[in-house]
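Here's the structure, in C-alpha coordinates; my notes come after.
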Amino acid sequence: MGKVWLVTGASRGLGREIARAALDAGETVVATARSADAVRDAFGGEQGRLHALALDVTDAAAATAVAAETAGRFGAIDVLVNNAGYAELGFFETFTDAAVRRQFEVNLFGTMNVARAIAPHMRVRRSGLIVTISSVSGLVSNGGGAVYSASKFAIEGWMEGFAQELAPLGVRSLLVEPGMLRTDFMGGKSARFGSIDIPDYAEAVAQYRAFVDGANGNQPNDPKLLAARIV
Ligand code: NJP
(Lines give C-alpha, C1' and ligand atoms only; values in the text may rest on other atoms or scores of the structure.)
Protein backbone atom coordinates (compact mmCIF):
# COMPACT_ATOMS: atom_id res chain seq x y z
CA MET A 1 0.00 0.00 0.00
CA GLY A 2 2.95 2.37 0.62
CA LYS A 3 2.30 5.71 2.19
CA VAL A 4 -1.08 7.38 1.90
CA TRP A 5 -1.15 10.61 -0.10
CA LEU A 6 -4.03 13.03 -0.49
CA VAL A 7 -3.70 15.38 -3.46
CA THR A 8 -6.02 18.30 -4.21
CA GLY A 9 -6.54 19.57 -7.75
CA ALA A 10 -5.53 16.17 -9.13
CA SER A 11 -7.81 16.17 -12.20
CA ARG A 12 -5.10 17.72 -14.38
CA GLY A 13 -1.86 19.68 -14.40
CA LEU A 14 0.64 19.58 -11.60
CA GLY A 15 -1.66 17.77 -9.16
CA ARG A 16 -2.29 14.94 -11.59
CA GLU A 17 1.44 14.59 -12.30
CA ILE A 18 2.31 14.51 -8.61
CA ALA A 19 -0.41 11.91 -8.02
CA ARG A 20 0.93 9.85 -10.92
CA ALA A 21 4.47 10.04 -9.57
CA ALA A 22 3.31 8.88 -6.16
CA LEU A 23 1.36 6.00 -7.71
CA ASP A 24 4.42 5.03 -9.74
CA ALA A 25 6.43 5.01 -6.51
CA GLY A 26 4.02 2.46 -5.01
CA GLU A 27 2.08 4.84 -2.82
CA THR A 28 -1.67 4.89 -2.19
CA VAL A 29 -3.21 8.09 -3.55
CA VAL A 30 -6.51 9.74 -2.75
CA ALA A 31 -6.80 12.09 -5.72
CA THR A 32 -9.36 14.86 -5.45
CA ALA A 33 -10.89 17.64 -7.53
CA ARG A 34 -14.34 19.21 -7.67
CA SER A 35 -15.61 16.20 -9.60
CA ALA A 36 -14.55 12.64 -8.78
CA ASP A 37 -15.48 11.68 -12.36
CA ALA A 38 -12.98 14.20 -13.71
CA VAL A 39 -10.31 12.57 -11.55
CA ARG A 40 -11.27 9.10 -12.75
CA ASP A 41 -11.13 10.29 -16.36
CA ALA A 42 -7.69 11.80 -15.76
CA PHE A 43 -6.34 8.45 -14.59
CA GLY A 44 -8.24 6.22 -17.00
CA GLY A 45 -10.47 4.93 -14.23
CA GLU A 46 -10.18 4.20 -10.54
CA GLN A 47 -8.10 1.17 -9.87
CA GLY A 48 -5.48 -0.31 -7.60
CA ARG A 49 -3.99 2.23 -5.26
CA LEU A 50 -5.79 5.21 -6.86
CA HIS A 51 -8.93 6.44 -5.16
CA ALA A 52 -10.93 9.36 -6.53
CA LEU A 53 -12.96 11.64 -4.28
CA ALA A 54 -14.80 14.89 -4.93
CA LEU A 55 -13.43 17.84 -2.98
CA ASP A 56 -14.11 21.50 -3.66
CA VAL A 57 -11.46 23.06 -1.44
CA THR A 58 -13.70 26.06 -0.73
CA ASP A 59 -16.02 23.72 1.20
CA ALA A 60 -14.52 23.35 4.67
CA ALA A 61 -17.05 20.72 5.74
CA ALA A 62 -16.26 18.64 2.67
CA ALA A 63 -12.54 18.86 3.46
CA THR A 64 -13.22 17.58 6.97
CA ALA A 65 -15.32 14.72 5.58
CA VAL A 66 -12.69 13.73 2.99
CA ALA A 67 -9.99 13.77 5.68
CA ALA A 68 -12.08 11.56 7.96
CA GLU A 69 -12.97 9.18 5.14
CA THR A 70 -9.33 8.85 4.05
CA ALA A 71 -7.95 8.35 7.55
CA GLY A 72 -10.78 5.93 8.39
CA ARG A 73 -10.27 3.86 5.28
CA PHE A 74 -6.47 3.76 5.15
CA GLY A 75 -5.56 4.31 8.80
CA ALA A 76 -3.36 7.32 8.11
CA ILE A 77 -2.68 10.30 5.89
CA ASP A 78 1.08 10.51 5.40
CA VAL A 79 1.37 13.22 2.76
CA LEU A 80 -0.97 16.07 1.85
CA VAL A 81 -0.28 17.84 -1.44
CA ASN A 82 -2.27 21.04 -1.11
CA ASN A 83 -2.20 21.97 -4.77
CA ALA A 84 -5.61 23.18 -6.04
CA GLY A 85 -5.51 26.74 -7.31
CA TYR A 86 -5.89 29.04 -10.27
CA ALA A 87 -4.78 32.48 -11.44
CA GLU A 88 -7.08 35.45 -11.83
CA LEU A 89 -5.01 37.76 -14.02
CA GLY A 90 -5.49 41.27 -15.37
CA PHE A 91 -5.07 44.99 -14.69
CA PHE A 92 -6.09 45.35 -11.07
CA GLU A 93 -8.51 48.24 -11.60
CA THR A 94 -10.62 46.03 -13.87
CA PHE A 95 -11.17 43.41 -11.16
CA THR A 96 -14.57 43.09 -9.57
CA ASP A 97 -14.68 42.57 -5.85
CA ALA A 98 -16.18 39.13 -6.50
CA ALA A 99 -13.24 38.10 -8.68
CA VAL A 100 -10.72 39.15 -6.04
CA ARG A 101 -12.62 37.31 -3.33
CA ARG A 102 -12.99 34.18 -5.45
CA GLN A 103 -9.21 34.10 -5.97
CA PHE A 104 -8.70 34.15 -2.21
CA GLU A 105 -11.54 31.68 -1.56
CA VAL A 106 -9.79 29.01 -3.62
CA ASN A 107 -6.08 29.77 -3.34
CA LEU A 108 -5.85 30.88 0.29
CA PHE A 109 -8.98 29.87 2.21
CA GLY A 110 -9.32 26.62 0.25
CA THR A 111 -5.72 25.69 0.98
CA MET A 112 -6.28 26.57 4.65
CA ASN A 113 -9.48 24.49 4.76
CA VAL A 114 -7.69 21.37 3.58
CA ALA A 115 -4.64 21.80 5.82
CA ARG A 116 -6.84 22.40 8.86
CA ALA A 117 -8.84 19.27 8.07
CA ILE A 118 -5.84 17.02 7.50
CA ALA A 119 -3.39 18.24 10.15
CA PRO A 120 -5.22 16.69 13.13
CA HIS A 121 -4.95 13.26 11.51
CA MET A 122 -1.19 13.76 11.23
CA ARG A 123 -0.76 15.24 14.70
CA VAL A 124 -2.33 12.28 16.47
CA ARG A 125 0.27 10.03 14.84
CA ARG A 126 3.05 12.61 15.25
CA SER A 127 3.86 11.98 11.62
CA GLY A 128 3.10 13.53 8.25
CA LEU A 129 4.19 15.92 5.54
CA ILE A 130 2.20 18.86 4.20
CA VAL A 131 3.36 19.98 0.75
CA THR A 132 1.86 23.33 -0.21
CA ILE A 133 1.97 24.36 -3.85
CA SER A 134 2.48 28.09 -3.75
CA SER A 135 4.16 29.89 -6.66
CA VAL A 136 7.12 31.97 -7.66
CA SER A 137 4.38 34.61 -7.56
CA GLY A 138 4.34 34.06 -3.81
CA LEU A 139 7.88 35.43 -3.71
CA VAL A 140 7.85 38.07 -6.46
CA SER A 141 4.90 40.05 -7.82
CA ASN A 142 4.40 41.27 -11.38
CA GLY A 143 1.95 43.58 -13.15
CA GLY A 144 -1.09 41.65 -14.31
CA GLY A 145 -0.66 39.15 -11.51
CA ALA A 146 -1.25 41.39 -8.52
CA VAL A 147 -4.29 39.55 -7.17
CA TYR A 148 -2.89 36.07 -7.80
CA SER A 149 0.39 37.11 -6.19
CA ALA A 150 -1.43 38.52 -3.19
CA SER A 151 -3.14 35.14 -2.67
CA LYS A 152 0.17 33.27 -2.95
CA PHE A 153 2.08 35.75 -0.74
CA ALA A 154 -0.66 35.14 1.82
CA ILE A 155 -0.14 31.39 1.55
CA GLU A 156 3.58 31.87 2.21
CA GLY A 157 2.95 33.91 5.35
CA TRP A 158 0.24 31.65 6.70
CA MET A 159 2.09 28.41 6.00
CA GLU A 160 5.39 29.64 7.44
CA GLY A 161 3.62 30.24 10.71
CA PHE A 162 1.46 27.11 10.67
CA ALA A 163 4.54 25.03 9.88
CA GLN A 164 6.19 26.33 13.05
CA GLU A 165 3.16 25.22 15.04
CA LEU A 166 3.16 21.78 13.43
CA ALA A 167 6.89 20.99 13.59
CA PRO A 168 7.06 20.26 17.33
CA LEU A 169 4.03 18.01 16.88
CA GLY A 170 5.84 15.80 14.38
CA VAL A 171 4.28 17.21 11.19
CA ARG A 172 6.72 18.53 8.57
CA SER A 173 5.99 21.12 5.91
CA LEU A 174 7.30 21.97 2.50
CA LEU A 175 6.43 25.08 0.50
CA VAL A 176 6.89 24.68 -3.24
CA GLU A 177 7.17 27.73 -5.46
CA PRO A 178 6.89 26.62 -9.10
CA GLY A 179 7.75 28.84 -12.03
CA MET A 180 5.85 28.56 -15.30
CA LEU A 181 4.64 25.05 -16.09
CA ARG A 182 2.64 24.31 -19.22
CA THR A 183 -0.60 23.02 -17.71
CA ASP A 184 -4.23 24.11 -18.11
CA PHE A 185 -3.35 26.96 -15.79
CA MET A 186 -4.10 30.36 -17.38
CA GLY A 187 -6.00 28.62 -20.17
CA GLY A 188 -2.84 27.11 -21.64
CA LYS A 189 -2.95 23.89 -23.58
CA SER A 190 -2.28 20.94 -21.35
CA ALA A 191 1.00 19.11 -21.72
CA ARG A 192 2.61 16.53 -19.53
CA PHE A 193 4.85 18.13 -16.99
CA GLY A 194 7.00 15.08 -16.58
CA SER A 195 7.45 12.99 -13.52
CA ILE A 196 7.68 14.73 -10.22
CA ASP A 197 8.60 12.27 -7.58
CA ILE A 198 8.30 13.24 -3.96
CA PRO A 199 8.34 9.92 -2.14
CA ASP A 200 9.65 11.50 0.99
CA TYR A 201 10.63 14.78 2.50
CA ALA A 202 14.39 14.67 1.94
CA GLU A 203 13.99 13.73 -1.69
CA ALA A 204 11.34 16.36 -2.14
CA VAL A 205 13.69 19.01 -0.89
CA ALA A 206 16.48 17.70 -3.09
CA GLN A 207 14.21 17.62 -6.10
CA TYR A 208 12.79 21.06 -5.60
CA ARG A 209 15.80 22.81 -4.14
CA ALA A 210 16.87 24.59 -7.31
CA PHE A 211 15.23 27.92 -7.43
CA VAL A 212 16.01 29.59 -10.74
CA ASP A 213 16.27 33.35 -10.70
CA GLY A 214 14.60 35.01 -13.66
CA ALA A 215 12.33 32.04 -14.17
CA ASN A 216 10.64 33.64 -17.15
CA GLY A 217 13.79 33.20 -19.21
CA ASN A 218 13.55 29.45 -18.91
CA GLN A 219 11.53 26.99 -20.90
CA PRO A 220 8.11 25.94 -19.68
CA ASN A 221 8.01 22.38 -18.40
CA ASP A 222 11.54 22.58 -17.06
CA PRO A 223 11.39 20.77 -13.73
CA LYS A 224 14.19 23.00 -12.50
CA LEU A 225 11.65 25.79 -12.37
CA LEU A 226 10.56 24.54 -9.03
CA ALA A 227 11.75 26.03 -5.82
CA ALA A 228 11.03 24.61 -2.44
CA ARG A 229 11.89 25.43 1.09
CA ILE A 230 11.38 23.76 4.38
CA VAL A 231 9.25 25.90 6.63
O1 NJP B 1 -3.33 24.25 -12.94
P2 NJP B 1 -4.48 23.43 -13.71
P3 NJP B 1 -1.87 23.79 -12.44
N4 NJP B 1 -11.49 22.92 -5.53
O5 NJP B 1 -5.47 24.48 -14.09
C6 NJP B 1 -8.27 22.20 -9.36
C7 NJP B 1 0.24 26.48 -9.05
N8 NJP B 1 1.14 27.05 -10.05
O9 NJP B 1 -1.74 22.35 -12.33
O10 NJP B 1 -11.98 20.87 -9.93
C11 NJP B 1 -10.76 21.85 -5.85
O12 NJP B 1 -3.91 22.56 -14.76
C13 NJP B 1 -8.68 21.77 -10.75
O14 NJP B 1 -9.64 20.72 -10.65
P15 NJP B 1 -11.18 20.82 -11.18
C16 NJP B 1 -1.18 26.98 -9.17
O17 NJP B 1 -1.35 28.25 -8.56
C18 NJP B 1 1.06 26.71 -11.35
O19 NJP B 1 -0.90 24.55 -13.24
O20 NJP B 1 -11.36 19.54 -11.94
N21 NJP B 1 -9.94 21.80 -6.91
C22 NJP B 1 -7.38 21.21 -11.29
O23 NJP B 1 -7.23 19.84 -10.94
C24 NJP B 1 -1.92 25.89 -8.44
O25 NJP B 1 -1.95 26.13 -7.06
C26 NJP B 1 1.92 27.32 -12.25
O27 NJP B 1 -11.29 22.04 -12.04
C28 NJP B 1 -9.90 22.90 -7.68
C29 NJP B 1 -6.32 22.02 -10.59
O30 NJP B 1 -6.94 22.69 -9.47
C31 NJP B 1 -1.08 24.65 -8.75
O32 NJP B 1 0.18 25.08 -9.22
C33 NJP B 1 2.84 28.26 -11.83
C34 NJP B 1 -10.64 24.06 -7.40
C35 NJP B 1 -5.75 23.09 -11.48
O36 NJP B 1 -5.10 22.49 -12.55
C37 NJP B 1 -1.68 23.73 -9.79
O38 NJP B 1 -1.89 24.47 -10.98
C39 NJP B 1 2.89 28.58 -10.51
C40 NJP B 1 -11.48 24.04 -6.28
N41 NJP B 1 -12.25 25.09 -5.93
C42 NJP B 1 2.04 27.96 -9.60
N43 NJP B 1 -10.35 24.99 -8.36
C44 NJP B 1 1.87 27.03 -13.72
N45 NJP B 1 1.12 26.04 -14.17
O46 NJP B 1 2.58 27.69 -14.50
C47 NJP B 1 -9.45 24.42 -9.19
O48 NJP B 1 3.78 29.49 -10.10
N49 NJP B 1 -9.17 23.18 -8.78
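The values are calculated or read from the model by the stated rules, or taken from the named source; none is laboratory data. Note that this is a predicted model, so its numbers are computed, not measured. No Cβ is skipped: glycine too gets one built from the backbone with ideal geometry, and neighbour counts run over all protein chains shown. The accessibility values were calculated without ligands, DNA or RNA, using every heavy atom of the protein model including side chains. Shrake-Rupley method; radii C 1.70, N 1.55, O 1.52, S 1.80 Å.
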Flag for GLY9 being in a loop (DSSP other than H, G, I, E, B), on the phi > 0 side of the Ramachandran plot and within 10 Å of the ligand (Cβ to nearest atom) = yes
Look at the stretch 20-65 and say how many of its residues are open to solvent by 10 Å² or more (accessible area, probe 1.4 Å), in contact (Cβ under 8 Å) with a residue 24 or more places away in the chain, under 19 Å from GLY128 (Cα atoms) and not charged (D, E, K, R).
-> 4
Any residue in the stretch 128-148 that is open to solvent by 10 Å² or more (accessible area, probe 1.4 Å), within 30 Å of GLU69 (Cα to Cα) and in a helix (DSSP H, G or I)?
-> no
Test result for GLU17, acidic (Asp, Glu), more than 20 Å from ASN113 (Cα to Cα) and in a loop (DSSP other than H, G, I, E, B) = no
Every residue from the stretch 1-10 that is buried (at least 24 other Cβ atoms within 10 Å of the Cβ) and either farther than 19 Å from VAL114 by Cα or of a type in the set (Gly, Ala, Ser) (or both) = GLY9, ALA10
May I ask you to verify whether ALA76 is open to solvent by less than 30 Å² (accessible area, probe 1.4 Å), touching a strand residue (DSSP E or B) at 6+ places or on another chain (Cβ under 6 Å) and more than 16 Å from the ligand (Cβ to nearest atom)?
-> yes
Considering GLY72, GLY45, GLY85, which residue is part of a loop (DSSP other than H, G, I, E, B) and more than 21 Å from MET159 (Cβ to Cβ)?
-> GLY45
